[in-house]
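So the structure is just underneath, and the comments pick up after that.
The values are calculated or read from the model by the stated rules, or taken from the named source; none is laboratory data. This structure is a prediction, so every number in the text was calculated from the model and none was measured. Neighbour counts run over all protein chains shown; Cβ positions are idealised from the backbone, glycine included.
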Amino acid sequence: MKVQFATYLFLSVTSSTGAFTPLSNANSRAVSCLRDSALGIELPSIDSYIAYQPGAADTDFARKYGGSEYVNADVRTVGEAFAAFTEEYGFQVNALYKNMVTDIVGTTHLTTVSARFKRDAIWSMGILAALDLLLKNYPEAGANDRIISTLFKSCNLDEDAIRSDAKMIEEWVTGKTKEEIAAALKNGDDSPIGLIAADIKKDEFWMYSRYFGIGMVRIMEIVGVEMDKDEVYPVMENWMEKQLGKPSLTSCGDSDMYFRTKDKLDMMETMMKEIEIREKKRMAERLEKKAEAALRAVEREDKMKVEIEKEAKENRDRVGAD
């Protein structure tokens, strides 16, 4: 077996690095056969790679997504999406937020151009919750809403539909318990949550994305689950695995990341408020010192005026006596 494995490594290196004379087609097939026999498994031949056609595989996935609307789709690159964002926004993004905004545009674009992506109301609630969290302290007044609108346009998303769907879910969830949400996810009833759950369960190739997980966290917040990662984790695990029948590891990881980010932003906000309070205190002290200096100057001026008037009176009296 060691000899066979060594033979396989030798053939792999010589054929991939080009250190020896290039192999003919016959020799390539011979190398392929030797490699297969050395490993004891069947590997695809070179001819199968040459004959490959996008979307033409004999699989359920290819049959579902192998249509011309997917295979020949003109999908923009991340760079083109960000160029569209920059042109639409028309302003410079604050330097502290530039990397974050770039990442948001890129990840959102890559999510939405996937053939498997389906926007639903939970995803819509999640993206709005994430953007509100990340941009709530943006230093320029009103710029956060403008950035959000520009993001949706650059990713070909309907902002009105997203906000409408998120509001619908929020209104339905308000007043519910986490057990009622779990039941709707499990039964796939005619409620807004149940309809989404039913679509997810019947889609073998349903694609999870980060904003869906954050949308679930937002639902938990509304129904009264304590907003702590240790409290959210088991609820997320229950809703995703037991009720929806989907893996929960990624969604639980995203919820943990959400709380880590929230904690950092809350800490930054607290620090900024403390800095602002200290700066206002220093400004008040400076103004107080200026006011005291101005008051002393007025007092000196009044004393000087009194002295001048007194001296003038004495001079007049002296002249009158002479």
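Worth pointing out:
- Residues located in the range 184-199, provided they are under 15 Å from Ile219 (Cβ atoms) and touching a residue at least 60 places away in the same chain (Cβ under 8 Å): Pro192, Ile193, Ile196
- Residue check: Val217 meets all listed conditions (1) over 23 Å from Thr174 (Cα atoms); (2) surrounded by 12 or more Cβ atoms within 10 Å (Cβ to Cβ) but one, namely (1).
- Within the range 223-252, considering residues that are more than 13 Å from Gly213 (Cβ to Cβ) and touching an Asp or Glu at 6+ places or on another chain (Cβ under 7 Å), the one surrounded by the most Cβ atoms within 10 Å (Cβ to Cβ): Val225
- Taken over the range 113-146, the criterion of being surrounded by fewer than 16 Cβ atoms within 10 Å (Cβ to Cβ), of a type in the set (S, T, N, Q) and farther than 18 Å from Phe91 by Cα is satisfied by Ser114 alone.
- Unmet requirement for Ser114, which otherwise passes all of (1) small (Gly, Ala, Ser); (2) touching a Gly at 6+ places or on another chain (Cβ under 8 Å); (3) more than 24 Å from Met268 (Cα to Cα): (2)
- Taken as a whole, the condition of being in a helix (DSSP H, G or I) and either of a type in the set (Gly, Ala, Ser) or over 21 Å from Ile219 (Cα atoms) (or both) applies to Glu88.
- Just one of (1) under 22 Å from Val113 (Cα atoms); (2) small (Gly, Ala, Ser); (3) surrounded by fewer than 19 Cβ atoms within 10 Å (Cβ to Cβ) fails for Ala183. It is (1).
- Helices (runs of 4 or more DSSP H) completely within the range 132-240 that count 3 or more residues being closer than 27 Å to Asp103 by Cβ, assigned by TED's automatic domain parsing to the domain that holds Val113 and among the polar types (S, T, N, Q): 143-154
- Residue match in the range 246-259 (condition: among the hydrophobic types (A, V, I, L, M, F, W, C), without any contact (Cβ under 8 Å) to a residue 40 or more places away in the chain and not in a helix (DSSP H, G or I)): no
- Conditions (1) farther than 30 Å from Gly213 by Cβ; (2) surrounded by 10 or more Cβ atoms within 10 Å (Cβ to Cβ): number failed by Ser255: (1)
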